[in-house]
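Here the structure is laid out as structure tokens; the discussion comes afterwards.
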Amino acid sequence: LAYNRWGPAKRMRHHAFVLALPMLLLLYPAILERLTGWTYSMWFTPAILLAMAAIFSVLVFLVPDGNPVLENRVGDHLGKISYSLYLLHFPMLLLVTEAGLSKGMGGLALYLAATVLAASATYRFYEFPTRRRLRALAPQRDADIAVAAGTRGSQP
């Protein structure tokens with residue numbers, strides 16, 4: 001709602017604001033604890049939620065359109081599979097940990113690759129076909145307008 005109603009002055013927008021994105025990683029509990037010694041519960045600390053909201057606001061409002069970091073094929077794909085990533089990231093973490101493969105940078109790379117692969121497969125073979133079938137069941141907007149106007153298609 002705010003995005004459609006308010007926009008900052010063009011002089012305030014700059015591609016350098018994309019540097020706020022890596023700050024999200026600093027808010028991850030294990031990283032923040034190592035850096036500062038401060039521990040918290042991920043979704044129950046108002047200061048963390050406020051910091052996340054501020055970072056996302058900067059990214060949405062102050063980074064101009066056409067930013068190559070935010071607008072590219074990889075980002076588009078991650079956006080498409082984001083719900084599957086959300087649902088599968090924790091089960092994949094448990095799977096990699098149970099298999100004893102979660103140690104070090106290699107474990108992180110394996111976890112990320114496996115999670116993106118699983119989410120991509122789920123999107124391709126379940127989420128997208130299901131969405132397409134559900135949309136086919138819904139009445140088409142053009143047909144609704146024609147019926148409301150008292151006409152059908154090309155009939156006079």
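All of the numbers you see were taken from the coordinates with simple rules; none came from a lab. Note that this is a predicted model, so its numbers are computed, not measured. So basically every Cβ, Gly included, is an ideal-geometry build from the backbone, and we count neighbours across all protein chains shown.
Remarks
- Arg132-Trp43 pseudo-label distance in nm [points 7 Å out on the Cα-to-Cβ vector]: 3.2 nm
- Couplings for the range 102-111, taken from phi via the Karplus curve 6.51 cos²θ - 1.76 cosθ + 1.60 with θ = phi - 60°, read 9, 8, x, 5, x, x, 5, 4, 4, 4 Hz in order; Gly and Pro are left as x.
- Taken as Cα centroids, the range 82-99 and the range 12-65 sit 22 Å apart, rounded to the nearest whole angstrom.
- Between His15 and Asn72, the contour length at 0.36 nm per residue exceeds the Cα-Cα span by 19.1 nm.
- The sum of -39500 (n - 2.57) across all DSSP H runs of n ≥ 4, divided by the residue count of the chain, sets its helix-only mean residue ellipticity at 222 nm to -17000 deg cm²/dmol.
- Cα-based shape type of the range 1-99, given that a ≥ b ≥ c are square roots of the gyration tensor eigenvalues and the cut on a/c is 1.5: oblate
- Extension gain (nm, one decimal) between Leu1 and Asp65, 0.36 nm per residue minus Cα-Cα: 21.3 nm
- Cα-based helix-to-principal-axis angle, 82-98 vs the chain, degrees rounded to 10: 30 degrees
- Computed label-point distance, nm, for sites Tyr28 and Leu112 using a 7 Å Cα→Cβ extension: 0.8 nm
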